[in-house]
Amino acid sequence: MPSPMFWRIVRRLITANYGRLFVVLVALGAGAAVTSALLNLQIDAKKRLTTEFRALGANVIVAPRAGNSESGAGSTLDASLFAQLPALYESKPVPAVAFLYVIGQVAKAGQIHFEPAVLAGIEGLGLTQIRPGRRTAYRSELENAPDACEVGVKAAAQFKVAAGDSLQLKNQGREASCKVFAVVATGGAEDTQIFINLKTAQQLADLPGRLSLIQLSVNATPDSVNSFIASLGQQLPAADVHGIKQFAEAEGRIYSRISGLLSSTVLLVLFLTSLCVMAGMSNVAVERKNDVGLMKAIGGSVERVVDLFLTEAILLGIAGGLVGSALGILVSIWLGKAVFGVAAQPRLIVYPVSVALTVLVSIAAAFPLRRLARVRPASVFRGEE
Amino acid sequence: MFLRLVADSFTRRPRRKIISMAALAMGMGVATAALSVSLDVGDRLAREFRSLGANLLVTPLADSLPLEIGGVDYRPANAGAYLPEADLGKLKTIFWRFNIMAFAPILEVPVQASAARNDLGLEIPGNFTLIGTWSDTNVPIPDGTTYETGIAKTNPWWHVEGKWFDDQLQQCVVGAGFAKRFRLRRGDQLKVVGASGGRVAAGLPLEIVGILSTGGPEDDAIVAPLAVAQRLAQRPDVYRRLYVSALTKPEDAFARKDPKTMTPAEYDTWYCTPYISSIALQIGEELKGTDVRVIRRVAEGEGNVLSRVRLLLWLVTGAALLAAALAVGASAAASVIERRTEIGLMKALGANSGLVGVLLAAEQLLLAIVGGSIGFAAGILLARILGQRIFGFAPEPRLFVLLIVLGLAAIITLLGSAYPLRQASRYDPAPILRGE
């Protein structure tokens, strides 16, 4: 048990030279601040980037199992599956849209020349997240009508329609019509499709209660999306649940690059901090030769002396770490806003981790003080270097 | 005398100087590494993003409406327009030709298939899609050279177990779902017949050389050389869709302007910037009769993430520079604080504060230049290691970075020692010499 004397000596050691104390504390504090800011940003970046990657559209598809019938449009799913999808995953909403594809005959209202086109019946929330694109024409007042439809840019050019026009739809004697509320350009197959109400598509295809597939956009990291797919696959044994690999791989790769960059910066910064503190401490070692000589001469053991200096280093590390890490987390909130437009959430785990790292750094930096253990009192008192 | 004092301070206590020099060199090394990596990594990151796949889609302009569901075109094979394969080399003649990273033409043919293993026949019921494309081919460019590209480059997430087919041979890869369903293996023989018309009576034998998994509709298809698809469709030298993967600059407000409303000067700027829209226009100018569309989800996803990641990168560089500056400044400050006695002695011997300041500053500067140079060399090494490990490439050393680093080292050491120097020059020599 350290005596009050021990603490008194530690206090004296720390306050002996305010200039040096300031330098060491600034170095430790700055190191802690950068460390905690980057660590916090690293956790946050993962989350933000997954959100950004959702701009790529759906990443999970629920489709009929292959083999029931021919591949492609032949097989369908029961519409009741759509209601079984989880609304939330990791407490974030999961946009999901059910599709039923029909190849129908289409013409602009008033025309008699019909041409085939793919009609996609849709139901569900978050179509813009599932199928990212740019609307070249959009009339929001028409959107909520039951017969509203959205037309791909190629299809719109083919049928010469714009927002506000009507289309006639036919399939094997069944007829319907719809009013165009938007024209959308995605650069994919959607450009040639016409998006209508699911019920209308089911009626046209004479497939009530059936779906071609469901697309979901799960906002989570690639690993977490995989476990979502696995659990949904178990929940819906009748369907084939799979991920879209195209984006998952790129996302994983890009995130690991960024994460590597942030981690290596944290390591470098910690290393720099320890060097910087070490520079200060090695001067301390030279300066304290006399003190140590005296301590030893009056019976202080080597361990006792080393304990003193270790305690000093740990106290400095805790002080620098506590203040610096808190500052760093504040800075990272602001940085998150600057980079991702959303303030980074402070993670509690970052704080103890970065304080602990700072203390470790300050202990490592006290390495030059080890030399003091070798000090021989006699030569010190004789004034030898 | 002045020089001797400076030289002495280095030779008398080498150990102390070595430590502050090490701190300086390390700080500057980190600064060099951070600067070199982030200067070179922008391009690298943009390339990384090309693993998202093609961002431009070229289709015939005067085409009938494709009836595409889940990657399969349900139009009859003879409907719709085609594009000539021979024109593809022109892609590498556009203004931004070096930004065209890869391209691959696609021709889909509905087929019926049967398989054979060791002469044992296997029926494969149903109609399938055969996707004809290039796996890896040398495209002749009009300037006389060739360019190597293919689907393996445009769609890097397509994994083939085994190997890709040779574009010259009658080989194919089959989708993982297809292979599983009909228990096909590498080495099996596949016989395909065009499903509509089927005028190739005997069918075309194809050797399965790989199993393809893409996570998309291709998993249930056969992928074969473009020439095979052209023979099955009886359409020599044509394709129907072309995927282009281009390096682009993320779209900003300027890029979203309609080129038709731009002034001539603005139009030139827009045309000579690798925006996705200007590259699309240039491809349309070279390949006549085509409609070049931007694959929005890829282009926009890429643009968003890329601009954020770039910003993040600069922030991290800034943080590393800040830490380096602090390390250097602090070690400079520490080294001055330690020399109170010396300063006291110099003043007692008649040196004025200015002279003491200049002497110490000269020492610090010398330290900065030597330490900065060592740090630069170490930093280049560090940048190579980091670049190699994180991004798979080594940044080139740049003179420009050396100048910045040396300048930074000088400024920071001077700044770091300025305050303690000012303090030191005010010291009253008497108490210091008495040891108080």
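The values are calculated or read from the model by the stated rules, or taken from the named source; none is laboratory data. From a predicted model like this one, the values you see are computed outputs, not experimental measurements. Backbone-built Cβ (ideal geometry, glycine too); neighbour counts: all protein chains shown.
Name the residue that is nearest to B:THR154 (Cα to Cα), counting only residues in the range B:73-89 that are among the aliphatic types (A, V, I, L, M) and crowded, with 21+ Cβ neighbours inside 10 Å. Full working, then the answer.
We begin by selecting, within the range B:73-89, every residue among the aliphatic types (A, V, I, L, M); these are B:77, B:79, B:81, B:83, B:86, B:88.
Those still in the list that are crowded, with 21+ Cβ neighbours inside 10 Å too: B:83, B:88.
Numbers: B:LEU83: 19, B:LEU88: 15 Å.
Taking the candidates together, the pick is B:LEU88.
Per the listing B:ALA227, B:ALA265, the residue uniquely in contact with an Asp or Glu (Cβ under 8 Å, 6 or more places away or on another chain) and of a type in the set (A, V, I, L, M) is B:ALA227. Residues in the range B:1-48 that are among the polar types (S, T, N, Q) and either at pLDDT 75 or above or not in a helix (DSSP H, G or I) (or both): B:THR32, B:SER36, B:SER38. Being at the interface with chain B (Cβ under 10 Å from one of its Cβ atoms) and either β-branched (Val, Ile, Thr) or crowded, with 22+ Cβ neighbours inside 10 Å (or both) is the filter here; which residues of the range A:1-24 pass it? Across the range A:1-24, the qualifying residues are A:VAL23, A:VAL24.
Just the residues that are β-branched (Val, Ile, Thr) and assigned to a strand (DSSP E or B), please, taken from the range B:140-173. So that I can check it myself, show each step before the final result.
Keep residues of the range B:140-173 that are β-branched (Val, Ile, Thr), which gives B:141, B:145-146, B:149, B:151, B:154, B:160, B:173.
Those that are β-branched (Val, Ile, Thr) and assigned to a strand (DSSP E or B): B:THR146, B:THR149, B:VAL160, B:VAL173.
This table checks each residue for (1) within 13 Å of another protein chain (Cβ to nearest Cβ); (2) in a helix (DSSP H, G or I); (3) among the charged types (D, E, K, R).
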residue: B:TYR267; (1), (2), (3): no, yes, no
residue: B:LYS288; (1), (2), (3): no, no, yes
residue: B:ARG293; (1), (2), (3): yes, no, yes
residue: B:ARG297; (1), (2), (3): yes, yes, yes
residue: B:LEU312; (1), (2), (3): yes, yes, no
residue: B:GLY318; (1), (2), (3): yes, yes, no
residue: B:LEU322; (1), (2), (3): yes, yes, no
residue: B:ALA327; (1), (2), (3): yes, yes, no
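In the set (1) farther than 29 Å from B:ARG422 by Cα; (2) at pLDDT 80 or above, the condition left unmet by A:PRO2 is number (2).
Of the residues B:VAL309, B:VAL328, B:VAL356, which is buried (at least 20 other Cβ atoms within 10 Å of the Cβ), within 30 Å of A:GLU251 (Cα to Cα) and of a type in the set (Val, Ile, Thr)?
On the way: B:VAL328 fails: within 30 Å of A:GLU251 (Cα to Cα); B:VAL356 fails: within 30 Å of A:GLU251 (Cα to Cα).
Result of the check over B:VAL309, B:VAL328, B:VAL356: B:VAL309.
Take the conditions (1) small (Gly, Ala, Ser); (2) touching a residue at least 12 places away in the same chain (Cβ under 8 Å); (3) touching a Lys or Arg at 6+ places or on another chain (Cβ under 9 Å); B:GLY379 misses just one of them, which is (3). Entry remark, the range A:348-367: residues being surrounded by 12 or more Cβ atoms within 10 Å (Cβ to Cβ) and either more than 20 Å from A:VAL269 (Cα to Cα) or not assigned by TED's automatic domain parsing to the domain that holds A:ASN290 (or both) number 0 in total.
A residue that is crowded, with 24+ Cβ neighbours inside 10 Å, touching a residue at least 40 places away in the same chain (Cβ under 8 Å) and aromatic (Phe, Trp, Tyr) cannot be found anywhere in the range A:255-270.
Just to be sure before I move on: is A:GLN84 surrounded by fewer than 17 Cβ atoms within 10 Å (Cβ to Cβ), under 38 Å from the mean Cα position of the chain (by Cα) and under 19 Å from A:GLY243 (Cβ atoms) in the structure I sent? Break it down stepwise before answering.
Details: surrounded by fewer than 17 Cβ atoms within 10 Å (Cβ to Cβ): yes; under 38 Å from the mean Cα position of the chain (by Cα): yes; under 19 Å from A:GLY243 (Cβ atoms): yes.
Against the criterion (surrounded by fewer than 17 Cβ atoms within 10 Å (Cβ to Cβ), under 38 Å from the mean Cα position of the chain (by Cα) and under 19 Å from A:GLY243 (Cβ atoms)), A:GLN84 qualifies.
Of all residues in the range B:87-139, those that are touching a strand residue (DSSP E or B) at 6+ places or on another chain (Cβ under 7 Å) and in a helix (DSSP H, G or I) total 5. A Cβ distance below 9 Å, combined with a sequence gap of six or more or placement on separate chains, defines the contacts here; from the range B:214-235, residues that are outside the structural domain of B:GLY150 (by TED's automatic domain parsing) and at pLDDT below 90 reach no residue that is in a helix (DSSP H, G or I) and crowded, with 24+ Cβ neighbours inside 10 Å. Among the candidates B:ALA115, B:ALA104, single out the residue that is crowded, with 21+ Cβ neighbours inside 10 Å and under 28 Å from B:PRO66 (Cβ atoms). Only one candidate qualifies: B:ALA104.
Scanning the range B:66-86 for residues that are part of a loop (DSSP other than H, G, I, E, B) and modelled with pLDDT under 80 yields B:GLY70, B:GLY71, B:TYR74, B:ARG75, B:PRO76, B:ALA77, B:ASN78, B:ALA79, B:GLY80. The set of residues from the range A:272-283 being under 39 Å from the mean Cα position of the chain (by Cα) and either among the hydroxyl-bearing types (Ser, Thr, Tyr) or more than 9 Å from chain B (Cβ to nearest Cβ) (or both) comprises A:THR273, A:SER274.
Do you know which of the residues in the range A:154-188 that are out of contact with any helix residue (DSSP H, G or I) (no Cβ under 6 Å at 6 or more places or on another chain) and among the β-branched types (Val, Ile, Thr) is nearest to B:ILE295 (Cα to Cα)? In this case the residue turns out to be A:VAL184.
In the range A:142-183, the qualifying residues are those that are of a type in the set (S, T, N, Q) and buried (at least 18 other Cβ atoms within 10 Å of the Cβ), and the one that is nearest to the chain's Cα centre (by Cα) is A:GLN158.
Name the residue, out of A:VAL292, A:VAL286, A:VAL306, A:VAL269, that is at the interface with chain B (Cβ under 8 Å from one of its Cβ atoms), over 26 Å from B:GLY379 (Cβ atoms) and either in a helix (DSSP H, G or I) or not basic (Lys, Arg) (or both).
Details: A:VAL292 fails: at the interface with chain B (Cβ under 8 Å from one of its Cβ atoms); A:VAL306 fails: at the interface with chain B (Cβ under 8 Å from one of its Cβ atoms); A:VAL269 fails: over 26 Å from B:GLY379 (Cβ atoms).
A:VAL286 is the lone residue from the list that is at the interface with chain B (Cβ under 8 Å from one of its Cβ atoms), over 26 Å from B:GLY379 (Cβ atoms) and either in a helix (DSSP H, G or I) or not basic (Lys, Arg) (or both).
Hey, any hits in the range A:145-165 for a residue that's more than 28 Å from B:LEU242 (Cβ to Cβ) and of a type in the set (S, T, N, Q)? No, because not a single residue in the range A:145-165 is more than 28 Å from B:LEU242 (Cβ to Cβ) and of a type in the set (S, T, N, Q). Picking from residues in the range B:60-70 that are at the interface with another protein chain (Cβ under 8 Å from one of its Cβ atoms) and surrounded by fewer than 20 Cβ atoms within 10 Å (Cβ to Cβ), the one that is nearest to B:ASP87 (Cα to Cα) is B:SER64.
Applying the criterion of being hydroxyl-bearing (Ser, Thr, Tyr) and farther than 18 Å from B:GLY371 by Cβ to the residues of the range B:381-436, the residue that is modelled with the highest pLDDT is B:TYR419.
Within the range A:61-72, can one find any residue that is under 30 Å from A:SER259 (Cα atoms), within 10 Å of chain B (Cβ to nearest Cβ) and modelled with pLDDT of 80 or more? Spell out the reasoning first.
Going through the range A:61-72, the residues under 30 Å from A:SER259 (Cα atoms) turn out to be A:61.
Those left that are additionally within 10 Å of chain B (Cβ to nearest Cβ): A:61.
Subset that is modelled with pLDDT of 80 or more: A:61.
The answer is yes; a qualifying residue exists.
Among the residues making up the range B:221-256, those that are within 14 Å of another protein chain (Cβ to nearest Cβ), surrounded by fewer than 23 Cβ atoms within 10 Å (Cβ to Cβ) and not aliphatic (A, V, I, L, M) are B:ARG241, B:TYR243, B:PRO250, B:GLU251, B:ARG256. Note on the range B:122-151: residues that are surrounded by 17 or more Cβ atoms within 10 Å (Cβ to Cβ) and more than 14 Å from chain A (Cβ to nearest Cβ) amount to 9. For the structure I just gave you, tell me whether A:GLN234 is under 20 Å from B:GLY215 (Cβ atoms), surrounded by 19 or more Cβ atoms within 10 Å (Cβ to Cβ) and of a type in the set (S, T, N, Q). Taking the combined requirement at face value, the residue does not satisfy it.
Any residue at all in the range B:333-349 that's closer than 30 Å to A:THR273 by Cβ, within 10 Å of chain A (Cβ to nearest Cβ) and assigned to a loop (DSSP other than H, G, I, E, B)? Scanning the range B:333-349 turns up at least one residue that is closer than 30 Å to A:THR273 by Cβ, within 10 Å of chain A (Cβ to nearest Cβ) and assigned to a loop (DSSP other than H, G, I, E, B).
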